[in-house]
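Here the structure is laid out as structure tokens; the discussion comes afterwards.
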Amino acid sequence: MQLKISKPLLMLALLLSLFSCSEDEVTPEEKGTEKPEEVMDSYNYIALRNDGTLFSIGDQTGKVSMLGKIPGVEFNVMFNSITSSSSKIYIYEHYFDPPRGVLYAWDKLTANTRSAVLDFPAEFGDNTALISLDWDEENQNLVGITREDIEQSGNNKPIKVVRIDPENFEITTTPDIDLATEAYTNVYSTSLVGQKLYAVGFRGSQWNPNLLEIDLDQNSFKVVPVSGIDTGFTNLGNSGSANSIFGFSPVANSDYMAEVRPVTYNIQTGTIRELEDTPRISALNFSHKTFFNSDAGEFAELVGSGGKIHLFKFKPSSGNFEITEIVSPDILMDKPRLN
């Protein structure tokens with residue numbers, strides 16, 4: 001089944017979570033005074049806009065505030081090329097005039113940023129860009145997928161796997177892996193599970209994806225089965241489990257723009273299960289990852305519903321989900337101001 005997809009509605013991605021309050025921080029009510037129960041946020045999710053602007057979003061209130069901007073980022077952040085370690089967030093931006101790719105490392109504790117223009121090997125060709133980036137906790141480095149001639153869609157140029165040193169940004173290649181040898185032209189979303197990188201791969205411009213399993217130990221890749229749904233799934237996320245991946249599956253022939261359904265994928269059996277009783281929701285961006293908050297044990301993603309933006313949260317341990325409406329969402333979509 002084929003499905004045409006629309007352009008992203010909102011160039012925004014969730015990155016990480018921080019404690020915003022605790023019970024000890026709540027001021028006791030004055031004796032004899034009755035006050036309505038106040039909703040308190042347990043976590044603040046940080047969202048990144050494609051121009052490098054950072055926002056804080058309360059997990060329970062949905063309140064949005066601007067935090068600042070990552071120095072140097074201009075407009076073309078590649079959202080599937082954002083990942084984080086325990087201490088840093090790595091953000092890739094591609095420039096076209098002249099062609100170059102810049103990798104930023106944003107320190108979660110100090111908010112300091114360092115960056116470097118990536119030096120891709122000469123054999124990668126002109127205008128090579130990172131189309132995915134994942135943090136490898138086991139090897140303490142970054143795993144990426146590159147595509148040559150990024151401006152030319154469906155060009156059948158090499159799509160390779162690389163590793164990047166997080167300290168000096170030096171690139172090493174995996175020469176035996178080239179997705180273009182099997183006619184793949186793009187990758188929308190990735191998730192690293194152990195030493196296997198799961199990638200949503202495309203041949204051509206129609207929505208007809210395959211789920212690829214790239215074995216980083218064996219330097220090989222293959223298509224893995226996805227049964228139980230016809231349209232595949234994207235916006236991959238992993239909780240640390242070796243057995244499952246979370247994501248969102250597009251709804252074919254829907255009268256609801258960019259409609260998706262949240263799903264869980266069983267790696268062992270190759271089957272997908274839809275979450276039950278969820279309202280109709282739409283994807284804001286098909287090409288990035290779904291963030292997992294390990295402290296709260298929940299996946300978090302920004303979605304559309306009823307003409308408004310919401311924070312969708314899902315706890316795999318219980319199977320429960322929650323949707324919180326974003327307050328004053330216009331701030332997320334304002335164009336950056338020139339100072």
Quick one: grab Rg to one decimal and Dmax as a whole number for the chain, Cα atoms only, in Å. 20.1, 75
Working from the alpha-carbon coordinates of the stretch 35-82, get Rg over Rh, Rh being the Kirkwood radius. 1.14
In deg cm²/dmol, rounded to 500, what helix-only [θ] at 222 nm does the chain give when every DSSP H run of at least 4 residues adds -39500 (n - 2.57) and the total is split over its residues? 0 deg cm²/dmol
Applying 1/(1 + (r/R0)^6) with R0 = 35 Å to the Cβ-Cβ distance of Leu67 and Thr173, what FRET efficiency is obtained, to the nearest 0.05? 0.45
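Rank by packing, highest mean first: peptides 127-136, 316-325, 251-260, with packing defined as the count of other Cβ atoms within 10 Å averaged across residues. Write down the numbers at each step before the final one.
Numbers: 127-136: 23.2, 316-325: 13.3, 251-260: 15.0.
Listed from highest to lowest mean packing, they are 127-136, 251-260, 316-325.
When you count, for each residue, the other Cβ atoms within 10 Å and take the mean per peptide, how do 193-199, 203-209 rank with the highest first?
193-199, 203-209
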In terms of modelled amide H atoms, which long-range or inter-chain residues lie less than 5 Å from the amide H of Thr185? Phe202, Arg203, Gly204
All Cα pairs of the stretch 201-280, percent lying beyond 15 Å: 61 percent
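Please report Rg over Rh for the stretch 132-203, where both radii come from the alpha carbon positions and Rh follows the Kirkwood definition.
Checking Rg against Rh, the ratio lands at 0.97.
Based on a Kirkwood Rh over C-alpha pairs, give the Stokes-Einstein translational diffusion coefficient of the stretch 70-224 at 25 °C and viscosity 0.890 mPa s in µm²/s.
Values: Rh = 15.7 Å.
The Stokes-Einstein estimate is 156 µm²/s.
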Calculate the radius of gyration of the Cα atoms of the stretch 228-339 to one decimal place, then report Dmax, the largest Cα-Cα distance, as a whole number, both in Å. 14.8, 54
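Bear in mind these aren't lab numbers, they're just calculated from the coordinates by the rules spelled out. Keep in mind that this is a model prediction, so the values were computed, not measured. Cβ coordinates were reconstructed from backbone atoms using ideal geometry, including for glycine residues, and neighbour counts include every protein chain displayed.
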